[in-house]
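One structure below.
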C-alpha cells in the first residue's frame with residue numbers, strides 16, 4: 001500500500017547537517033520511504049494523504065541506553081552519591097520486578113510514555129527477572145517500539161537477600177529467557193550489568209553465548225572514578241575495556257554506556273572493534289560522573305549515540321536528552337578552557353536519531369527504503385515569533401520547548417502508532 | 001476572611017532545610033498565613049476549606065531576572081555566540097515592542113505562562129519602550145503576578161536604526177514612564193541594561209534618580225569574558241562593579257544578574273553593600289558564559305537568588321530553573337576537581353523561593369503574617385513508586401518531573417489566581 005505524509009519535513013542525514021523541505025511530501029510504500037518531494041509526483045496524486053498541515057515531520061528518536069526497572073524511581077535520590085543511590089534506591093527498586101503484576105503495570109506505562117514522546121527504537125536493560133523481561137518486551141511491542149532488551153546478569157556485588165543471582169542461576173535463566181523470546185521486533189541482547197557485577201566465569205560464558213548465537217552485547221564502561229578504581233582492584237592487570245575483551249564481549253556493535261573517562265587507548269579499542277558509545281549526558285551530570293568529551297570522540301571517528309539512562313538520567317523524552325547533550329557539551333567547552341567546540345543542535349539531533357537508528361540497520365536520515373520512524377510535532381502553541389521563522393528555526397526552537405502534548409503523531413516501523421496523542425496499541429499482544 | 005488549605009505542605013524556611021507536614025492545614029486570615037498545623041485547631045473547624053486531598057502545597061517561585069521582550073525568541077539561536085545572538089535575534093526582537101498590539105498579545109501570553117507555572121513574583125527587564133512597559137506591568141497585575149518591572153536604558157552600543165535611544169531620550173522617557181506607573185503590586189525598578197550599553201552621564205543620572213525616589217536597581221555583572229573585556233576597555237581604571245558604584249547604582253537591594261566571573265573583591269563589595277546576586281544557571285550554560293561558583297558565594301554569606309533569564313535561558317518554569325541550578329552546581333563540582341559540594345534539592349529550592357521572596361519583604365518559608373504565595377501540585381500521574389514515598393521524596397521527585405499540567409492551583413498575594421489549571425484574571429485591568 002502506498003500513502004503520503006504532507007508537512008514540513010526535517011531530518012539529519014549526516015552529522016551537523018539538517019535537511020528541511022517546507023510543505024513537503026513523504027511517500028511511503030508499504031511503510032517504507034519511497035521518496036521526499038517538494039512537489040508531489042503526478043503518479044502519487046491519488047494516494048491517501050496524511051495532511052499534517054503546518055506541523056513538523058521529523059525523525060523519531062533512538063534511546064540507546066536506559067534501565068526499564070528504574071522507571072519507578074525517575075527523578076529520585078538525585079542528592080545521593082552513586083553507591084548510596086544504588087543501595088538505597090536502585091537495587092531495591094529493581095527487586096520489585098519479581099512481581100509480574102507490578103512489572104506489567106509499570107512497563108505498560110513506561111512503553112506508553114516512550115512512544116508518546118517519540119522514542120521508537122530502544123536498547124534497554126531489564127532487571128535479572130526472566131518473566132518481567134518478557135513482559136517488558138511484550139509491552140514495547142504492543143505500542144510499536146522496536147529494538148533490543150536484555151535480562152541483566154549480575155552474580156557479584158549485588159544486594160544479598162534483595163537482588164542477587166548465582167553464576168549458575170544467571171546462566172540458566174539467561175538461556176531460559178533467550179529460548180522464550182518470540183518477538184520479531186523486540187529482540188534479546190546480552191546484558192552483563194558491568195564488570196564489578198559479573199564474575200569472570202559469567203563474563204566468559206556470556207562471551208561464548210554471544211559468539212554461538214550471534215547476539216549483540218550491552219554494558220557500562222568508565223562511567224565514574226569510584227567504579228574505575230573498583231575494576232582496577234578486581235582486575236589489576238587489565239584496562240577496563242580489556243575485562244570485556246578477554247571474555248569475548250568486546251565485539252562489533254557492542255554498546256558501552258557512558259565512557260566518560262575512557263583514555264586514548266580505550267577509545268582506540270572501541271573504534272578498532274566497532275564498539276558503540278552511548279553518551280548519557282543527564283545521567284553523567286546528575287551522578288557527578290564527569291563531562292564526556294563527545295567532540296573529541298566524534299573527531300576521532302567513534303560511533304556515538306545517546307541514551308536517557310533513566311533513572312540516573314531524570315529525563316525520559318529524548319528531545320530533552322538532546323538538549324541536555326548540547327548543554328553538557330557547553331559545560332565541557334568551559335571545562336576545556338573554551339578550547340573545544342560545543343555540539344550544535346543539528347549535531348546533537350543526529351546523535352539522538354540517525355546515529356542510533358543506524359544501529360538497527362537504517363540508513364541516513366529519512367533514507368529511501370527504510371521503514372518510517374517519525375514524529376509529528378505541533379508547534380502552534382509556542383510563543384508568537386517577532387518575525388516569520390524558517391522550518392529549521394522552528395525545528396531548533398522545538399527541541400528546546402517541546403513537551404509530550406506537542407507530539408501529535410508518531411510513526412514506527414512504517415506504521416502510525418500514536419495518533420492525535422493517543423497510543424494505538426496492538427490488541428493482539 | 002479566614003479560610004483553610006488542606007494538603008501535604010512543603011516549604012523551605014532556611015537554606016538546605018525542608019519542612020513538611022503530611023496531610024496538614026494552612027490557615028489564612030485575609031490571605032495572610034495565620035499558621036500551619038498537623039491537626040486543625042478547633043476554632044478553625046467551621047472555616048471554608050480548600051481540600052487539596054493528597055496533593056502537595058509548596059511555596060511558589062520568584063523569578064528574579066528575565067527579559068520579557070525576549071519571550072518570542074525562547075529556545076532560539078542557541079548555537080550562536082553571544083554577540084551574534086544579540087544582533088541576530090535579541091535586539092531585533094526587542095525592537096518589535098514599539099508595536100503595542102504585539103506587546104499586548106505577547107505579554108498576555110507570557111504572564112499566563114508564568115502564573116500557570118507557579119511564578120508569582122518577578123524582577124523583570126522590559127524593552128526601552130515606555131508604552132510596552134506599562135502594558136507588561138498591566139498584564140502581570142492582571143493575572144496576579146507581583147514584583148518589579150524596568151524600562152531598559154541603553155544609550156550606546158545598541159543597534160542603530162533598529163533599537164537605540166539617545167541619553168536625553170532615555171532619561172526623559174524614564175521619567176515619563178515612572179510618572180505613569182500606577183500599580184500597587186507591580187512597581188518600577190531602574191534598569192540600566194549593563195555598563196557597555198549606558199554612557200557615564202546616563203548611569204549618573206539614573207543613580208541620582210534611584211537616590212531621590214528610593215528606587216531599586218537591576219542590571220548585569222561579570223557574565224562572560226568578552227563582556228568583561230569590553231567593560232575594561234571602556235573603564236580602564238575601574239573594576240566592573242565600580243562602574244555601578246561610582247554612579248550611585250551599587251545600592252542595598254541592587255540586583256545583579258550572573259556574577260559568573262566576579263572575583264573575591266567584587267563578591268566582597270556585593271556583600272558589604274547588600275547587592276543581591278541573581279544566578280541564571282540555564283542561561284550561563286546556553287551562552288557558554290561559564291559556571292558560577294554558587295556554593296562559594298553561599299559560604300561567603302552572599303544573598304543569592306535565581307532567574308530564568310529568558311531568552312538566554314530556554315526554560316521559563318522556575319522548577320526547571322531549580323533543577324538546572326542543581327545540574328550546574330554538579331558541573332561546577334566536576335570543574336573544581338570534585339572538591340566543591342553541589343547544591344541539594346532543598347538548597348536550590350530555597351534559592352528559587354524563599355531567597356527571592358525575601359527581596360519583596362517576605363519572611364522565611366511559609367512565614368506567619370506573610371501573604372500566601374503557593375503552588376498546588378498533583379503528582380498522581382508520575383510513575384508508581386516501588387514503595388510508599390514520604391512527602392519530601394514526592395516533592396523532590398516532582399521538582400524533576402513536573403510540567404505545567406501538574407500545577408493545578410496557584411496562590412499569589414493571598415489569593416487563588418489559578419484554579420484547576422485555569423487563570424483567574426482580574427477583569428478590571
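Among the residues of region A:416-429, the ones that are farther than 11 Å from residue A:143 by Cβ and in contact (Cβ under 8 Å) with a residue 60 or more places away in the chain come to 2 in all. When you check residue B:51 against the structure, is it more than 25 Å from the chain's Cα centre (by Cα) and either closer than 30 Å to residue A:380 by Cβ or not in a strand (DSSP E or B) (or both), yes or no? The answer is no for residue B:51. Screening region B:295-343 for residues that are within 19 Å of residue B:270 (Cβ to Cβ) and in contact (Cβ under 8 Å) with a residue 60 or more places away in the chain and picking the one that is nearest to the other protein chains (Cβ to nearest Cβ) gives B:309.
Could you check, for region B:401-419, whether at least one of its residues is away from chain A (no Cβ under 14 Å), closer than 27 Å to residue A:92 by Cα and modelled with pLDDT of 95 or more? Reasoning before the result, please.
Residues of region B:401-419 away from chain A (no Cβ under 14 Å): B:408-419.
Pick out the ones that are also closer than 27 Å to residue A:92 by Cα and you get none.
Checking region B:401-419: not a single residue is away from chain A (no Cβ under 14 Å), closer than 27 Å to residue A:92 by Cα and modelled with pLDDT of 95 or more.
Checked against the criterion of being at pLDDT below 95 and in contact with a strand residue (DSSP E or B) (Cβ under 9 Å, 6 or more places away or on another chain), region A:163-176 contains not a single residue that satisfies it.
Filtering region B:69-81 for residues that are at positive phi, surrounded by fewer than 17 Cβ atoms within 10 Å (Cβ to Cβ) and touching a residue at least 60 places away in the same chain (Cβ under 8 Å) leaves an empty set.
For the structure I just gave you, tell me whether residue B:267 is in a helix (DSSP H, G or I), farther than 20 Å from residue B:169 by Cα and in contact with a helix residue (DSSP H, G or I) (Cβ under 9 Å, 6 or more places away or on another chain).
On the way: in a helix (DSSP H, G or I): yes; farther than 20 Å from residue B:169 by Cα: yes; in contact with a helix residue (DSSP H, G or I) (Cβ under 9 Å, 6 or more places away or on another chain): yes.
Yes: the conditions hold for residue B:267.
From the set of residues in region B:1-18 that are surrounded by fewer than 16 Cβ atoms within 10 Å (Cβ to Cβ) and not in a loop (DSSP other than H, G, I, E, B), which is farthest from the chain's Cα centre (by Cα)? Here the answer is B:2.
Has region B:39-47 got at least one residue that is outside any strand (DSSP E or B) and under 24 Å from residue A:384 (Cα atoms)? Spell out the reasoning first.
So the first thing to find is which residues in region B:39-47 are outside any strand (DSSP E or B), and the list is B:39-47.
Cutting the leftovers down to under 24 Å from residue A:384 (Cα atoms) gives us none.
Within region B:39-47, none of the residues are outside any strand (DSSP E or B) and under 24 Å from residue A:384 (Cα atoms).
Out of B:171, B:202, B:140, one residue alone is in the same structural domain as residue B:278 (by TED's automatic domain parsing), within 18 Å of residue B:69 (Cα to Cα) and not in a loop (DSSP other than H, G, I, E, B). It is B:140.
Just one of (1) more than 14 Å from chain B (Cβ to nearest Cβ); (2) part of a loop (DSSP other than H, G, I, E, B); (3) farther than 19 Å from residue A:22 by Cα fails for residue A:367. It is (3).
Conditions tested, residue by residue: (1) in the same structural domain as residue B:221 (by TED's automatic domain parsing); (2) within 24 Å of residue B:67 (Cβ to Cβ); (3) within 12 Å of the chain's Cα centre (by Cα).
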residue: B:261; (1), (2), (3): yes, yes, no
residue: B:270; (1), (2), (3): yes, yes, no
residue: B:303; (1), (2), (3): yes, yes, no
residue: B:318; (1), (2), (3): yes, yes, yes
residue: B:321; (1), (2), (3): yes, yes, yes
residue: B:343; (1), (2), (3): yes, no, no
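Condition check for residue A:105 on (1) buried (at least 20 other Cβ atoms within 10 Å of the Cβ); (2) under 28 Å from residue A:416 (Cα atoms); (3) within 11 Å of another protein chain (Cβ to nearest Cβ): one failure, at (1).
Confirm whether residue A:94 is in the same structural domain as residue A:280 (by TED's automatic domain parsing), in contact with a strand residue (DSSP E or B) (Cβ under 8 Å, 6 or more places away or on another chain) and within 30 Å of residue A:254 (Cβ to Cβ). Taking the combined requirement at face value, the residue satisfies it. Of A:110, A:114, all but one fail to be part of a helix (DSSP H, G or I), at pLDDT 95 or above and at the interface with chain B (Cβ under 10 Å from one of its Cβ atoms); the exception is A:110. Within region A:86-102, being more than 11 Å from chain B (Cβ to nearest Cβ) and under 22 Å from the mean Cα position of the chain (by Cα) holds for one residue alone: A:86.
Scanning region B:375-394 for residues that are buried (at least 16 other Cβ atoms within 10 Å of the Cβ), closer than 21 Å to residue A:94 by Cα and touching a residue at least 60 places away in the same chain (Cβ under 8 Å) turns up just one, B:394. Against the conditions (1) in the same structural domain as residue B:191 (by TED's automatic domain parsing); (2) assigned to a loop (DSSP other than H, G, I, E, B), residue B:71 satisfies every one except (2). Run down B:397, B:358 and say which single residue is in a helix (DSSP H, G or I), at pLDDT 95 or above and surrounded by fewer than 20 Cβ atoms within 10 Å (Cβ to Cβ). Exactly one of B:397, B:358 is in a helix (DSSP H, G or I), at pLDDT 95 or above and surrounded by fewer than 20 Cβ atoms within 10 Å (Cβ to Cβ), namely B:358.
One line per residue, one yes/no per condition, for (1) under 26 Å from residue A:291 (Cα atoms); (2) out of contact with any strand residue (DSSP E or B) (no Cβ under 8 Å at 6 or more places or on another chain):
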| position | (1), (2) |
| --- | --- |
| B:265 | no, yes |
| B:268 | no, yes |
| B:277 | no, no |
| B:293 | yes, yes |
| B:297 | yes, no |
| B:300 | no, yes |
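Do the conditions hold for residue B:66, that is, is it more than 10 Å from every other protein chain (Cβ to nearest Cβ), under 19 Å from residue B:281 (Cβ atoms) and either buried (at least 17 other Cβ atoms within 10 Å of the Cβ) or over 19 Å from the mean Cα position of the chain (by Cα) (or both)? Against the criterion (more than 10 Å from every other protein chain (Cβ to nearest Cβ), under 19 Å from residue B:281 (Cβ atoms) and either buried (at least 17 other Cβ atoms within 10 Å of the Cβ) or over 19 Å from the mean Cα position of the chain (by Cα) (or both)), residue B:66 qualifies.
Anything in region A:143-168 that is in a helix (DSSP H, G or I) and in contact (Cβ under 8 Å) with a residue 24 or more places away in the chain? List them, or say none. Answer for region A:143-168, where residues must be in a helix (DSSP H, G or I) and in contact (Cβ under 8 Å) with a residue 24 or more places away in the chain: A:143, A:167.
Among the residues of region B:270-294, just one is without any contact (Cβ under 8 Å) to a residue 40 or more places away in the chain and in a strand (DSSP E or B), namely B:277.
The values are calculated or read from the model by the stated rules, or taken from the named source; none is laboratory data. Just so it is clear, the structure is predicted and the values come from calculations on it, not from any experiment. Positions of Cβ are backbone-derived with ideal geometry, glycine not excepted, and every protein chain shown enters the neighbour counts.
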